[in-house]
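Enquirer: Next up is a structure, given as structure tokens.
The values are calculated or read from the model by the stated rules, or taken from the named source; none is laboratory data. Values in this document were obtained by computation on a predicted structure and should not be read as measured data. As a convention, Cβ positions derive from the backbone with ideal geometry for all residues, glycine included, and neighbour counts pool all protein chains shown.
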Amino acid sequence: MKIQSKIIRSNRRSIALEIHPNATLIIRAPWFITKHAIENFIQKKHSWIEKKMRIAKARSQVSPKKFITNEIFSYLGKSYQLKIDDKIKPTPSVISDKLVISTKQSAKASKILTSWYK
């Protein structure tokens, strides 16, 4: 796997690895560490880097929400199926493991749920 990386040197004591959401590896290293030592460090951490890169790529490949019935939404650490119901009050609510909005709101579901989350 080809890894995109960037080395940032600064006044620090240790080497740190960061995996950004776009699956880029950032290596933060002290000025006194040689490039060879950094490469050795990366080789030792190769399996960790690969694992985190796969996670970052999977997160970036999440498809956008369509706001249709039975679509899964996360709220307060739990997953809920979206239910669009015409017999429900206008504000979104959680009812027995379902995230429910009224049919009148379904056209603006994205905006309504986003404001409700906040």
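Enquirer: Listed residues 52, 104; which is surrounded by 11 or more Cβ atoms within 10 Å (Cβ to Cβ) and either small (Gly, Ala, Ser) or modelled with pLDDT of 75 or more (or both)?
Expert: Just one listed residue meets the conditions, 52.
Enquirer: So which residues in region 16-32 are at pLDDT below 95 and in a loop (DSSP other than H, G, I, E, B), if there are any at all?
Expert: Across region 16-32, the qualifying residues are 20, 21, 22, 23, 24.
Enquirer: Among what's in region 82-92 and is surrounded by 12 or more Cβ atoms within 10 Å (Cβ to Cβ) and over 10 Å from residue 67 (Cα atoms), pick the residue that is modelled with the lowest pLDDT.
Expert: Among them, the one singled out is 88.
Enquirer: Now, a different point. Do we have residue 112 as under 30 Å from residue 2 (Cβ atoms) and either in contact with a Lys or Arg (Cβ under 8 Å, 6 or more places away or on another chain) or touching a residue at least 12 places away in the same chain (Cβ under 8 Å) (or both) here?
Expert: no
Enquirer: With respect to residue 62, is the statement that it is of a type in the set (A, V, I, L, M) and modelled with pLDDT under 80 true?
Expert: yes
Enquirer: Looking only at region 1-15, count every residue that is over 26 Å from residue 61 (Cα atoms) and either among the polar types (S, T, N, Q) or surrounded by fewer than 13 Cβ atoms within 10 Å (Cβ to Cβ) (or both) and tell me the total.
Expert: Selection size over region 1-15: 5.
Enquirer: Looking for whichever is without any contact (Cβ under 8 Å) to a residue 60 or more places away in the chain and under 30 Å from residue 17 (Cα atoms) here; the options are 61, 81. Which one fits?
Expert: 61
Enquirer: Right, another one. Is it the case that region 80-97 has a residue that's closer than 29 Å to residue 114 by Cβ, assigned to a strand (DSSP E or B) and polar (S, T, N, Q)?
Expert: So far as region 80-97 goes, yes, one or more of its residues are closer than 29 Å to residue 114 by Cβ, assigned to a strand (DSSP E or B) and polar (S, T, N, Q).
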